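This report refers to the structure that appears directly beneath it.
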Amino acid sequence: MKNKNILWVSLLLFPVIAAFVNTRPPTPIVIRGTSPKRWVVSQNSSLRVNGSTNINTFSCVIPAYDKTDTITIKSETDKGVILSGSIGLSVNSFDCHNSGMTKQLQKTLNQKQFPVLQIRFLSLNNLPAITRNPEAITGLVAIEIAGVTKQFEINYQISEDSEHVINLLGSRMLTFSDFKLIPPRKLGGMIKTKDQLTVAFHLKMKAIGDL
């Protein structure tokens, strides 16, 4: 009788034990690569905003970045490259090569209340092999203008020059209305700036190795 009880208990527990043994954990996100690396943004980086009015075109530039910031390549996963880091550009540094247009742009961007235009780097679609030949990649950034933040996909060209400076060129079409701004007007509204803009930046960076 005792042996029969042991046999029945074993038969009852066998499916439970088998199910437990065969249970597999969910597939994790694959993280490739080694320790994080950093790119230091140099002070001779620049940003340009190109736009148009109902009578002509204009180009406003921040010719030189006045500080040094760092972009960190945190990890490479099966979904792309995770970045951390940002650059802050002084709205007061914009030069539209026309004093009236420069003042209008700074006023539109609410320079007194929000003196800094912020670009935060979020990700890349892949980690390129940086060479002398420019390579096309895409990435996500968060742009903050006048207190409003929007995410955009940016098209980049990345390469390295003979002095091992990494050149990252990015551009994106956006609008004043993306940031709840009204385009500048002059002469009582006779000259109207169109809503659409092209923002282009050229970052010059140095790789400084593992963290």
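The values are calculated or read from the model by the stated rules, or taken from the named source; none is laboratory data. Just so it is clear, the structure is predicted and the values come from calculations on it, not from any experiment. Neighbour counts are summed over all protein chains in view; Cβ atoms, including those assigned to glycine, are modelled from backbone coordinates with ideal geometry. Surface areas here come from the heavy atoms of the whole protein model, side chains and all, with no ligands, DNA or RNA. Shrake-Rupley method; radii C 1.70, N 1.55, O 1.52, S 1.80 Å.
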**Prompt:** Of all residues in region 145-181 being touching a Ser or Thr at 6+ places or on another chain (Cβ under 8 Å), among the charged types (D, E, K, R) and more than 25 Å from Lys192 (Cβ to Cβ), which is modelled with the lowest pLDDT?
**Reply:** Glu160
**Message:** Conditions first: (1) modelled with pLDDT under 90; (2) under 24 Å from Asp195 (Cα atoms). Lys107 passes all but one, so which condition is the exception?
**Reply:** (1)
**Request:** Output the residues belonging to region 172-206 that are open to solvent by less than 50 Å² (accessible area, probe 1.4 Å), within 22 Å of Ala142 (Cα to Cα) and part of a strand (DSSP E or B).
**Result:** Leu174, Thr175, Leu197, Thr198, Val199, Ala200, Phe201, Leu203, Met205
**Asked** Can you tell me how many residues in region 132-150 are farther than 20 Å from Asn110 by Cα and open to solvent by 60 Å² or more (accessible area, probe 1.4 Å)?
**Response** 6
**Prompt:** Which residue pairs have Cβ atoms under 6 Å apart, sit 6 or more places apart or on different chains, and have a first residue in region 72-93 that is closer than 27 Å to Cys60 by Cα and a second that is part of a strand (DSSP E or B) and not hydrophobic (A, V, I, L, M, F, W, C)?
**Reply:** Gly85/Thr70; Gly85/Thr72; Ser86/Gln118; Ser86/Arg120; Ile87/Asp69; Gly88/Gln118
